[in-house]
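The values are calculated or read from the model by the stated rules, or taken from the named source; none is laboratory data. The structure displayed is predicted, hence computed values, not measured ones. Because the Cβ atoms are built from the backbone with ideal geometry, glycine has one as well, and the counts that use them run over all protein chains shown.
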Amino acid sequence: MTDTQTLRLTQFASGGGCACKVPPGELERVLSGVVPAAGDDLLVGVENGDDAAVVRLDGDRAVVLTTDFFTPVVDDPYDWGRIAAANALSDVWAMGGTPLVAVNLLAWPRDRIPFELAAEVLRGGADIAREAGCHLAGGHSIDDPEPKYGLAVTGTADPDRLLRNDAGVPGVPLTLTKPIGLGVLNNRHKATGEVFPEAVEVMTRLNRDASRAALEAGAACATDVTGFGLLGHLYKMCRASGVTAVLDAAAVPYLEGARASYAEGYVPGGSRRNLEWVRPHVDAAVSDDELVLLADAQTSGGLLVAGEVPGFPVIGELVPAGDHAVVVR
């Protein structure tokens, strides 16, 4: 039996957090062959790679559906559960909705990791769901070579007050509600075992208040910044909205230690794949190192909002479509 006091969950997975997502280019090639379901009540489907599906129930009610799960991003099982749950719930807030009920998704290598640690993962997820005011009811578990955890979430929204990634218009600022650099710090944690409390705090911080603030500010366009990095999610927003973003690299907030960790070589493979995917669509006046950081694969990152949200930094603006989807200055 493995000693639970010294066991490191991140060593049981080839990837970690949202950095283990399928590369965006590969995912889009697969989804290009998927025929969307028909029906006027499907308000948001797969067409623009938005954060969740949205179906109209009646005149002023819509249901928001999403799921998200990943391998361990930290070694502490309770914190991993909290991070994974906050990340899954974020997709509903990124659409302007309110989470209503979630179910657990758990994969566990029962012959390699004591099952009692799975209880800690589930406890972390339950605590985040409770904080979010979201019911957590059951779920599904399987025996799997790698540990994985997340939620399938159902929420509600006003169909006329959604935050969509295809609703951006020229002339509005871009707001980011959490600092980036999570992928770099998580990669360092996986390699060295160093713990970064600020990163855990950021990943477990709910995007609920930021979503409400964005709606109150009149925003109609947003997405959350996760595995495809800030550049990747911004590119998807611009492509869906038919606009160009001008990004002020100096205005983007970073977690303490992220730049130093990058300089020491701690970079997730997913971050480099993100940059490779978006590079043809980016006009950059900054170094490649800066671009890798801007493409860093985030886990449970903040909201990227087309509009000014009080209390959060403005990092750029949307302008009429040009030769590139994103201009970095």
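Observations
- Hey, R188 basic (K, R) and under 28 Å from N48 (Cβ atoms) or not: no
- Applying the criterion of at least 1 residues that are under 18 Å from the mean Cα position of the chain (by Cα), over 30 Å from D158 (Cβ atoms) and not hydrophobic (A, V, I, L, M, F, W, C) to the strands (runs of 3 or more DSSP E) found wholly in the range 217-300 leaves an empty list.
- A single member of V46, V73, V55 is assigned to a loop (DSSP other than H, G, I, E, B), outside the structural domain of G307 (by TED's automatic domain parsing) and over 27 Å from D127 (Cα atoms), and it is V46.
- Entry remark, the range 48-75: residues being charged (D, E, K, R), out of contact with any Pro (no Cβ under 6 Å at 6 or more places or on another chain), over 17 Å from N207 (Cα atoms) and in contact (Cβ under 8 Å) with a residue 60 or more places away in the chain number 3 in total.
- The listed residues are V286, V292, V246, V252, and the only one of them that is surrounded by fewer than 21 Cβ atoms within 10 Å (Cβ to Cβ) and touching an Asp or Glu at 6+ places or on another chain (Cβ under 7 Å) turns out to be V246.
- The numbered conditions (1) in the same structural domain as L275 (by TED's automatic domain parsing); (2) surrounded by fewer than 24 Cβ atoms within 10 Å (Cβ to Cβ) are all true for L182 except (2).
- Condition check for A13: over 27 Å from R161 (Cα atoms), touching a Ser or Thr at 6+ places or on another chain (Cβ under 6 Å) and at pLDDT 80 or above: yes
- Checking D111, D79, D41, D60 one by one, the residue that is touching a Leu at 6+ places or on another chain (Cβ under 9 Å), assigned by TED's automatic domain parsing to the domain that holds V121 and modelled with pLDDT of 85 or more is D41 and no other.
- Within the range 50-61, the residues that satisfy the criterion of being more than 20 Å from the chain's Cα centre (by Cα) and either surrounded by 24 or more Cβ atoms within 10 Å (Cβ to Cβ) or of a type in the set (A, V, I, L, M) (or both) are V55, L57.
- The set of residues from the range 205-216 being part of a helix (DSSP H, G or I) and either outside the structural domain of G307 (by TED's automatic domain parsing) or surrounded by 24 or more Cβ atoms within 10 Å (Cβ to Cβ) (or both) comprises A210, S211, A214.
- Selection status of G96, surrounded by fewer than 22 Cβ atoms within 10 Å (Cβ to Cβ), in a loop (DSSP other than H, G, I, E, B) and either modelled with pLDDT of 95 or more or not assigned by TED's automatic domain parsing to the domain that holds G227 (or both): no
- Test: residue in the range 170-186 that is in contact with a Ser or Thr (Cβ under 6 Å, 6 or more places away or on another chain), within 30 Å of V292 (Cβ to Cβ) and charged (D, E, K, R): no
Residue-wise test of (1) within 26 Å of R8 (Cβ to Cβ); (2) surrounded by fewer than 24 Cβ atoms within 10 Å (Cβ to Cβ); (3) out of contact with any His (no Cβ under 6 Å at 6 or more places or on another chain).
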| position | (1), (2), (3) |
| --- | --- |
| N48 | no, yes, yes |
| V63 | no, yes, yes |
| T66 | no, no, yes |
| F69 | yes, yes, yes |
| W80 | yes, no, yes |
| A88 | yes, no, yes |
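- Output for the range 188-204, where each listed residue is surrounded by fewer than 18 Cβ atoms within 10 Å (Cβ to Cβ) and either among the charged types (D, E, K, R) or in the same structural domain as D91 (by TED's automatic domain parsing) (or both): E194, E198, E201
- Test result for G229, assigned by TED's automatic domain parsing to the domain that holds R188, under 23 Å from G150 (Cβ atoms) and either at pLDDT below 95 or among the hydroxyl-bearing types (S, T, Y) (or both): no
- Test result for L106, assigned to a strand (DSSP E or B) and either surrounded by 15 or more Cβ atoms within 10 Å (Cβ to Cβ) or at pLDDT below 95 (or both): yes
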